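The values are calculated or read from the model by the stated rules, or taken from the named source; none is laboratory data. Since the structure is predicted, the reported quantities are computational estimates derived from the model, not experimental observations. Please note: Cβ atoms are built from the backbone with ideal geometry, for glycine as well, and neighbour counts cover all protein chains shown. In case anyone asks, the SASA skips ligands and DNA or RNA and just uses the protein heavy atoms, side chains included. Shrake-Rupley method; radii C 1.70, N 1.55, O 1.52, S 1.80 Å.
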Amino acid sequence: MYFRGCPCVRARTRAYAAFCATHLPTATLLLCIAVLAAIAAPTAPVASAAEAPSPEAPAAASVEACPGSGPGPCPYASAQIIGQRAESVLRFPEAVALDAQGNVYVADQLGYVVQKFTAAGQFETEWGSYGGGHGQFGPIGGLATDAAGNVYVVDSSHNRIEKFSSDGEFIAAWGHTGGELGQFRFYSSKNPTQPPGGGIAVAGEYVYVADSGNNRIERFNLQGGEPIEWGSYGNGPGHFSYPRGVVANATEVLVADDDNSRIEKFTPEGVYQGSAGTHGTGPGQFGFPYGVSLDAAGDVYVADDINHRIVKLNPELGYVSAWGGYGSKPGQLAFPRALAADPAGDTYVADTANDRIQVFDPNGDYLRTIGASARDLSVLTAPSGLATDPTGRLLVSDTLDNRVEAYTAGSDAFEGAWSTTGGYTPGFAEPAGIAIDPHGSMYIADTAHTRLVHLWGDGTYLSEIGGPADYGGAGLSNAGAVAVAAGSGWVYVADTNHNRILAYGPEGALRAKWGAHGADGTAGSGSGQFNHPSGIAVDPSGDIYVADTANDRIVKLSPSGEALTEWGAAGAADGRFHAPTGVALDAAGRVYVVDSENNRVQVFDSSGRFLAKWGFRGVQLGELSQPTAIAVGCAGDVYVADTNNNRVERFDLVSPAGVGCEPAGSWPPPLDVPPVLHVALPRSTGVLARRALALSVSCARSCKILVTASLSIPGRRGSVGLVAAARPLPAALTGHVRLRVPPSTLQRLRRALGRHTAMTARVTVVAVGPTGRRTSVDSAYAVSR
């Protein structure tokens, strides 16, 4: 389940072979050739991939037992992936292009890949990974194809254009940051509310690039040479304010002039010819148009972003029609940011916030959807928090989907998710670190809400620490890591932007602050000081280990906050770090550190002596891309949040040291509080006709209920009892309880009512929770025969 041999094994593409041939020592290259020749051997399985070479991945000078382990043995015996990197999953698609064969190319903001589909939507292949090497990307702002089927990619975060074959083989790249001719300033972000800039089109022998931050269009030949430019900042004819989409044919170039809410038209040489649009929602108006496309008839299609629609214009830029509207149903859109039209006028729309491509005919009628949404459960986006409970169940902060997901112990099968909480606000916003209290609760760092959410292990809300309304508290800023001392119940928080560690008692009161250099929270590098700490763990004796990220070190504190020891320095050698972001401990006292920018895990003893390592940048099993968090399970297996690969990797160690797992389902223990009951009467009519009174009863936690009821006639003495019902209720499920009216009672009620219909039902529900606590609800309802 992991890779052996040299880095050439990772991707058997011609581009990677060329890289190996020119970058590896002769001895290593010969070894690679031998390994590739024996690739079918069952002792060395290799999964296929389309990763382009990464200069940041070290070229091994000797055989490694697994990726990044160095000359020593591989620390793990097997590995597996939780989540899905791409393979048709879309994470805020920002770019779409078609080739002459009808193939569809899609790139998104947070997947860092280009994906290829058939016109019918069948996934075919993908290429790319996060990074700055050839075939690597940050958020992608645009895609285009030429007549030969080559694919051009706007790598917004690295201010360059990359060119590939239709199968993802790297061909060329050009551009870098700047304002000179041939340079770009696209601007880029991993925040979905701040989409990457840049747009690109190919027509004939020219490549047109919307250089958003420089407010201009640059034109190149197909090799990236012979550049010319036009445009400057402004709102007059031929000016731009953050241009995004661009499309061209042999006679015209159209530009989505985003902040001016218009479409501008030019000749291929940049001569201004006209424009259409003003800001608004009416016909011929736009709300920040992002994408623009042309069909064979010259009709123009515009992705009208905040109006959540597609606008169709005629060749003279006159308004024709619009379709879409905000929503997630087929045919509805949420912030469409790119589109491409085929010659017949079918449009392929990047429905960005819905994580999909939708296809429409020229009249705007919905045809089909391409791609799977990353919002689906068990599909992760930028996971940045991990924990395991005492039974071995894995908890993952699916950070940009604003939820915490649970995976079954052993199989790592998806089990469920929590997206609602309580307190200041009912949901998560960018949850990160998770800490487990073995007594039954957990703490989740809800970073964008500047708080810790305290939940029981079944997801029941208990309390919160911090939050925007916590005016008298310590105040949290990007506090993304949390740990609990099993013995004392104290809670420790890495308050990252304030450069300190906060200690809270089990009741939630702030007890101590450690580390900030000065009252204003200034970072420091001295003993006991921190610079953006972002990982924290506590050992059984109460000592605290801190990943002091910007100081490239691990700091060990006593329970009282005294600095005991520290280790590490900037670098890539064993025992050195480049932005460590996570730390975890096993039962043997070994310290596991996520060395984020070095894309690896390092292992130390409790004094900081280096023991082992694994991982380097890549997308294959055992490889990592800016991992951020780590957890050790009760059986000693190690989980790593492989953040920029949008997944978690589990490593089963050769020599695991776990504390031992409790039986499945034994954690959390029952919460010792009375059951929370909800009782309702769905129908108040026809009680005698149905010969029963039907109730809906639910318990917030599992309970057993006893229901009794009676019926009486207003204005008359006495009542008649209904047959009692007793039954168990599973947690959070509504039970439908029928209280039967016995035949003798039915006859008496009918005689007593005569021609009247009104009755009063009095209902008593008693619920007993798992710990014996009771709750009673008495209700009266007006009912009729």
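Given the options 459, 473, 489, name the one that is open to solvent by less than 40 Å² (accessible area, probe 1.4 Å), of a type outside the set (Lys, Arg), closer than 20 Å to residue 394 by Cβ and in a loop (DSSP other than H, G, I, E, B). Give the steps one after another, and end with the answer.
Numbers: 473 fails: closer than 20 Å to residue 394 by Cβ; 489 fails: closer than 20 Å to residue 394 by Cβ.
One residue alone meets the criteria, 459.
Looking only at residues that are polar (S, T, N, Q) and touching a Phe, Trp or Tyr at 6+ places or on another chain (Cβ under 8 Å) in region 67-94, which one is nearest to residue 385 (Cα to Cα)?
Let us first name the residues in region 67-94 that are polar (S, T, N, Q), namely 69, 78, 80, 84, 88.
Restricting the remaining residues to those that are touching a Phe, Trp or Tyr at 6+ places or on another chain (Cβ under 8 Å) gives 69, 78, 88.
Numbers: 69: 24, 78: 22, 88: 25 Å.
Of everything passing the filter in region 67-94, 78 is nearest to residue 385 (Cα to Cα).
Kindly indicate which of 507, 464 is open to solvent by 60 Å² or more (accessible area, probe 1.4 Å), over 26 Å from residue 554 (Cβ atoms) and either of a type outside the set (S, T, N, Q) or more than 25 Å from the chain's Cα centre (by Cα) (or both). Spell out how you get there, then give the answer.
Values: 464 fails: open to solvent by 60 Å² or more (accessible area, probe 1.4 Å).
Answer to the check: 507.
Can you name the number of the only condition in (1) open to solvent by 10 Å² or more (accessible area, probe 1.4 Å); (2) in contact (Cβ under 8 Å) with a residue 40 or more places away in the chain; (3) at positive phi that residue 440 fails?
Condition not satisfied by residue 440: (1).
What are the residues in region 641-668 that are within 14 Å of residue 586 (Cβ to Cβ) and open to solvent by less than 10 Å² (accessible area, probe 1.4 Å), if any?
If we filter region 641-668 for residues that are within 14 Å of residue 586 (Cβ to Cβ), which is where we start, we get 651-661.
Within region 641-668, 651 is the sole residue that qualifies.
Using the structure shown, decide if residue 317 is in a loop (DSSP other than H, G, I, E, B), surrounded by 17 or more Cβ atoms within 10 Å (Cβ to Cβ), out of contact with any His (no Cβ under 6 Å at 6 or more places or on another chain) and at pLDDT 95 or above. Break it down into steps so the answer makes sense when it comes.
Working: in a loop (DSSP other than H, G, I, E, B): yes; surrounded by 17 or more Cβ atoms within 10 Å (Cβ to Cβ): yes; out of contact with any His (no Cβ under 6 Å at 6 or more places or on another chain): yes; at pLDDT 95 or above: yes.
Here the answer is yes, as residue 317 does meet what is asked.
Report yes if residue 494 is open to solvent by less than 10 Å² (accessible area, probe 1.4 Å), assigned to a loop (DSSP other than H, G, I, E, B) and under 25 Å from residue 531 (Cβ atoms), otherwise no.
On the way: open to solvent by less than 10 Å² (accessible area, probe 1.4 Å): yes; assigned to a loop (DSSP other than H, G, I, E, B): no; under 25 Å from residue 531 (Cβ atoms): yes.
When the stated conditions are applied, residue 494 does not pass them.
Quick check on my filter: what residues within region 730-765 are small (Gly, Ala, Ser) and either farther than 17 Å from residue 714 by Cα or open to solvent by 30 Å² or more (accessible area, probe 1.4 Å) (or both)?
The initial filter retains those residues of region 730-765 that are small (Gly, Ala, Ser), namely 731-732, 735, 744, 752, 754, 758, 761.
Passing the criteria: 731, 732, 735, 744, 752, 754, 758.
Give region 699-721 a look and list any residue that's open to solvent by less than 20 Å² (accessible area, probe 1.4 Å) and either farther than 14 Å from residue 780 by Cα or touching a residue at least 60 places away in the same chain (Cβ under 8 Å) (or both), or say none.
699, 703, 705, 711, 720
For residue 369, state whether it is in contact (Cβ under 8 Å) with a residue 12 or more places away in the chain, of a type in the set (S, T, N, Q) and buried (at least 18 other Cβ atoms within 10 Å of the Cβ).
On the way: in contact (Cβ under 8 Å) with a residue 12 or more places away in the chain: yes; of a type in the set (S, T, N, Q): yes; buried (at least 18 other Cβ atoms within 10 Å of the Cβ): no.
The answer is no for residue 369.
Within region 145-153, does at least one residue satisfy the condition of being part of a loop (DSSP other than H, G, I, E, B), surrounded by fewer than 23 Cβ atoms within 10 Å (Cβ to Cβ), modelled with pLDDT under 95 and aliphatic (A, V, I, L, M)?
No, that holds for no residue.
Exactly one condition in (1) over 17 Å from residue 79 (Cβ atoms); (2) buried (at least 24 other Cβ atoms within 10 Å of the Cβ) is not met by residue 597; state its number.
Unmet condition: (2).
Residues are listed down the side, and each one gets a yes or a no for (1) in contact with a strand residue (DSSP E or B) (Cβ under 8 Å, 6 or more places away or on another chain); (2) of a type in the set (A, V, I, L, M); (3) at pLDDT 95 or above:
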position	(1), (2), (3)
466	yes, no, no
476	yes, yes, no
482	yes, yes, yes
537	yes, yes, yes
540	no, no, yes
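Among the residues of region 402-418 satisfying the criterion of being within 13 Å of the chain's Cα centre (by Cα) and free of Cβ contacts under 8 Å to residues at least 40 places away in the same chain, which is farthest from residue 91 (Cα to Cα)?
Per the criteria, the residue is 405.
Here are some residues: 332, 285. Which one is modelled with pLDDT of 95 or more, open to solvent by 20 Å² or more (accessible area, probe 1.4 Å) and within 17 Å of residue 258 (Cβ to Cβ)? Lay out the reasoning, then the answer.
Values: 332 fails: within 17 Å of residue 258 (Cβ to Cβ).
One residue alone meets the criteria, 285.
Results for (1) surrounded by fewer than 18 Cβ atoms within 10 Å (Cβ to Cβ); (2) among the basic types (Lys, Arg), shown as yes or no for each residue.
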residue	(1), (2)
138	no, no
172	yes, no
178	yes, no
181	yes, no
191	yes, no
219	no, yes
228	yes, no
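Would you confirm whether any residue within region 686-698 is of a type in the set (A, V, I, L, M, F, W, C) and over 15 Å from residue 738 (Cβ atoms)?
Kept after step one, since they are of a type in the set (A, V, I, L, M, F, W, C), are these residues of region 686-698: 687-689, 692-695, 697.
Retained after the next criterion (residues that are over 15 Å from residue 738 (Cβ atoms)): none.
Within region 686-698 (the criterion being of a type in the set (A, V, I, L, M, F, W, C) and over 15 Å from residue 738 (Cβ atoms)), the answer is no, since none of the residues qualifies.
Given the conditions (1) open to solvent by less than 50 Å² (accessible area, probe 1.4 Å); (2) in contact (Cβ under 8 Å) with a residue 12 or more places away in the chain, report the number of the one that residue 232 does not fulfil.
Only one criterion in (1) open to solvent by less than 50 Å² (accessible area, probe 1.4 Å); (2) in contact (Cβ under 8 Å) with a residue 12 or more places away in the chain is unmet by residue 232, namely (1).
Considering only region 235-252, how many residues are over 15 Å from residue 262 (Cβ atoms), crowded, with 17+ Cβ neighbours inside 10 Å and small (Gly, Ala, Ser)?
Step one: of region 235-252, the residues over 15 Å from residue 262 (Cβ atoms) are 248-252.
Subsequent filtering for residues that are crowded, with 17+ Cβ neighbours inside 10 Å retains 248, 252.
Now narrow it down to the ones that are small (Gly, Ala, Ser): 248.
Going through region 235-252 one residue at a time, the tally reaches 1.
Mind telling me which of the residues 429, 448 ends up being open to solvent by 40 Å² or more (accessible area, probe 1.4 Å), closer than 26 Å to residue 191 by Cβ, outside any strand (DSSP E or B) and not hydroxyl-bearing (Ser, Thr, Tyr)?
On the way: 429 fails: open to solvent by 40 Å² or more (accessible area, probe 1.4 Å).
Just a single option satisfies the conditions, and that option is 448.
Out of all the residues in region 572-589, is one or more of a type in the set (Val, Ile, Thr), at pLDDT 95 or above and surrounded by fewer than 20 Cβ atoms within 10 Å (Cβ to Cβ)?
So in region 572-589, the residues of a type in the set (Val, Ile, Thr) come out as 581, 583.
Add one more test, that the residue is at pLDDT 95 or above, and what stays is 581, 583.
With the extra rule that they be surrounded by fewer than 20 Cβ atoms within 10 Å (Cβ to Cβ), the set shrinks to none.
Within region 572-589 (the criterion being of a type in the set (Val, Ile, Thr), at pLDDT 95 or above and surrounded by fewer than 20 Cβ atoms within 10 Å (Cβ to Cβ)), the answer is no, since none of the residues qualifies.
Across region 514-533, which residue is least open to solvent (accessible area, probe 1.4 Å) among those that are in a strand (DSSP E or B) and out of contact with any helix residue (DSSP H, G or I) (no Cβ under 9 Å at 6 or more places or on another chain)?
Applying the first criterion (in a strand (DSSP E or B)) to region 514-533 yields 514, 517, 522, 533.
From what's left, out of contact with any helix residue (DSSP H, G or I) (no Cβ under 9 Å at 6 or more places or on another chain): 514, 517, 522.
On the way: 514: 33, 517: 93, 522: 58 Å².
Of everything passing the filter in region 514-533, 514 is least open to solvent (accessible area, probe 1.4 Å).
I need a count of the residues in region 83-116 that are in a strand (DSSP E or B) and over 25 Å from residue 305 (Cα atoms).
Here is the first cut: in region 83-116, the residues in a strand (DSSP E or B) are 83, 89-90, 93-98, 104-108, 114-116.
Next cut, over 25 Å from residue 305 (Cα atoms) only: 83.
Selection size over region 83-116: 1.
Take the residues in region 335-349 that are under 22 Å from the mean Cα position of the chain (by Cα) and farther than 14 Å from residue 97 by Cβ, then tell me which one is least open to solvent (accessible area, probe 1.4 Å).
336
Please name all residue pairs, on different chains or six or more residues apart, with Cβ atoms under 8 Å, provided the first residue is in region 88-108 and is closer than 19 Å to residue 645 by Cβ and of a type in the set (Gly, Ala, Ser) and the second residue is part of a loop (DSSP other than H, G, I, E, B) and open to solvent by 10 Å² or more (accessible area, probe 1.4 Å).
That search, which allows pairs on different chains as well, returns 88/371.
Among the residues of region 350-366, is there at least one that is of a type in the set (Ser, Thr, Tyr) and surrounded by 24 or more Cβ atoms within 10 Å (Cβ to Cβ)? Before you say what the answer is, go through the steps one by one.
Pass one, region 350-366, residues of a type in the set (Ser, Thr, Tyr): 352, 366.
Filter once more, keeping what is surrounded by 24 or more Cβ atoms within 10 Å (Cβ to Cβ): 352.
There is at least one residue in region 350-366 that is of a type in the set (Ser, Thr, Tyr) and surrounded by 24 or more Cβ atoms within 10 Å (Cβ to Cβ).
Regarding region 364-380, can at least one residue be identified that is within 20 Å of the chain's Cα centre (by Cα), at pLDDT 95 or above, of a type outside the set (S, T, N, Q) and not in a loop (DSSP other than H, G, I, E, B)?
yes
Since residue 185 meets every condition but one in (1) charged (D, E, K, R); (2) more than 31 Å from the chain's Cα centre (by Cα); (3) crowded, with 16+ Cβ neighbours inside 10 Å, which condition does it not meet?
(2)
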